[in-house]
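The values are calculated or read from the model by the stated rules, or taken from the named source; none is laboratory data. Please read all numbers here as calculations on a predicted model, not as lab measurements. Cβ: placed from backbone, ideal geometry, glycine included. Neighbour counts: every protein chain shown. What goes into the accessible areas is simple: the full protein's heavy atoms, side chains included, and nothing from ligands, DNA or RNA. Shrake-Rupley method; radii C 1.70, N 1.55, O 1.52, S 1.80 Å.
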Amino acid sequence: VADLWWIYSKPVPADGRELWALFLQCSCITAVIGGLFYNWMFASLEYSWHLSIAMAISFSLLLLLALFLVHPARCVFSMIMPTLGTKQGRKLLFSTCIMIAVVNITPNIISNIKTILQVIQCICKNSSDSLLNSTALLEKVSWEFGDAVQEATHSIYKPMNGHFRFSLFQNSSLIYQKMHLAGEKISREFLSVEVLVKDSVRVANRLAAGFFMLYLCFESTWYLKNYLTDLRFDNFYITKQLERLAVDRRAAHLLVGSSKKLIRPTGLKLSREEVVLCLMQAMLVTVALLLMLVVVAMDHFAFSVADTAVRKAAQFSAVPVTLSIKYKAEIGIMPFLFKLFWRPSEALLLRDFNRTYHHQLIFSSARCRISPPTPPNPSVLLVVGLLFCILYGTVFLETFARRLCRGIAASFFQSWEEKRVLHLFRTLSRRHSKE
């Protein structure tokens, strides 16, 4: 492995064997990266498969030429891998989490809201149908009551026809048609909103992903540029070369006295600035996690409401309605004559009317087309949870990823690394002399 890395990091291969070894290494790397690039475009960014294949092949060929022919390009590409563990890699993971939420969680919420609206539509349709049918009962009651009023003891006292006329709205299909059109309109509006949200977030995610990838390459290039132009840039590590140089010049005490300011690139010690940076990045990840938890909670809440609505609608029993009519009438016989003689008046009793009618109001029916509520997908929650675990991991691994970038740059440009080590040693010597 050390020999392969030595061949890979050399500016120019020494012989034909190293040239073929370098070409095979670059070919293997481009094949793996091309497959990952295709999967990223097709599965995450949702491009078509033929466009993803064409882009992956073109990208692989260009990457092969760049890695095989350009030595700094190999260095930049090698630093991109650990740079994925920094904030730029976290931005890509954030973009992936947003895409997962939009593609999987948001449609699930909209589907459950549709189910709730279907339950409401079913209840409105059946209750209106039941209310329309109740007019037939009222018409029956009115005719029976009118017949009872007509049946008096003497025909001379028989009142006029007391029947009530109920006109049942026969064109009830018009109501159902209007309710159906209203439900279809709501469904189309929800579908248009869902499509608009998906398309908007898909385009935004593609633009953000492309920008983050370009910025990832730019950051690696920027690090290499500063490494090759500024001797003080990211130069506060106790490397093996610095230790050998201090021992050769009999100045090992410089490293011991400056142990609080210098750190070892392979150690676990973090400086105060690195700890503060990690805590700030962890807070940002926590805010993003809380926002994602709000979306997940909305998904569970919508499913709970939809499931409760469907179950309660299925358990709706018919509501009994009782109509009781008690009627008693009498006709006074010449009451003014009885008042003259101070005697109580007599009355002619009519037939009593005391009947009870029963009806049922139905709010739900098995004929209603209600789509079952869609539960949250546990695999989506698992993937999102794993991504956020990786995000929290990259927060604390960012410092070590930066140290790895420095080690890669040092292995590609060893002569320049010697100059940087000599500059750091002279800085420590001057600082020790002043103290």
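Miscellaneous remarks
- When segment 187-224 is limited to residues that are at pLDDT below 85, β-branched (Val, Ile, Thr) and surrounded by 13 or more Cβ atoms within 10 Å (Cβ to Cβ), the one that is nearest to Thr115 (Cα to Cα) turns out to be Val197.
- Residue pairs whose Cβ atoms lie under 8 Å apart, separated by 6 or more positions or on different chains, with the first residue in segment 73-93 and more than 14 Å from Leu214 (Cβ to Cβ) and the second open to solvent by 10 Å² or more (accessible area, probe 1.4 Å) and charged (D, E, K, R), are Pro82/Arg402; Gly85/Glu398; Thr86/Glu219; Thr86/Glu398; Thr86/Arg402; Lys87/Glu398.
- Residue match in segment 419-434 (condition: touching a Leu at 6+ places or on another chain (Cβ under 8 Å), modelled with pLDDT of 85 or more and open to solvent by 60 Å² or more (accessible area, probe 1.4 Å)): yes
- Helices (runs of 4 or more DSSP H) fully within segment 225-335 counting 3 or more residues that are open to solvent by less than 100 Å² (accessible area, probe 1.4 Å) and at pLDDT 85 or above: 272-315
- Exclusive hit being at pLDDT 85 or above and closer than 30 Å to Leu19 by Cα, set Ser52, Ser60: Ser60
- Residue in segment 389-418 that is nearest to the chain's Cα centre (by Cα), counting only those that are buried (at least 19 other Cβ atoms within 10 Å of the Cβ) and of a type in the set (Phe, Trp, Tyr): Phe412
- Selection count, segment 43-85, where residues are under 20 Å from the mean Cα position of the chain (by Cα) and of a type outside the set (Asp, Glu): 4
- Residue within segment 82-103 that is within 30 Å of Val12 (Cβ to Cβ), assigned to a helix (DSSP H, G or I) and modelled with pLDDT under 80 present: yes
- Search result, residues across segment 39-61 that are in contact with a Ser or Thr (Cβ under 6 Å, 6 or more places away or on another chain) and open to solvent by 70 Å² or more (accessible area, probe 1.4 Å): Phe42
- The residues of segment 86-98 that are open to solvent by 10 Å² or more (accessible area, probe 1.4 Å) and under 10 Å from the mean Cα position of the chain (by Cα) amount to a single one, Ile98.
- When we screen Ala21, Ala31, Ala56 for residues that are outside the structural domain of Ala209 (by the TED database), touching a Gly at 6+ places or on another chain (Cβ under 7 Å) and touching a residue at least 12 places away in the same chain (Cβ under 8 Å), the only hit is Ala56.
- The C-beta contact set for segment 226-253 (first residue closer than 19 Å to Leu404 by Cβ and without any contact (Cβ under 8 Å) to a residue 60 or more places away in the chain, second residue open to solvent by less than 30 Å² (accessible area, probe 1.4 Å) and in a helix (DSSP H, G or I), distance under 7 angstrom, 6+ apart or interchain) comprises Phe233/Asn226; Phe233/Tyr227; Ile238/Leu255.
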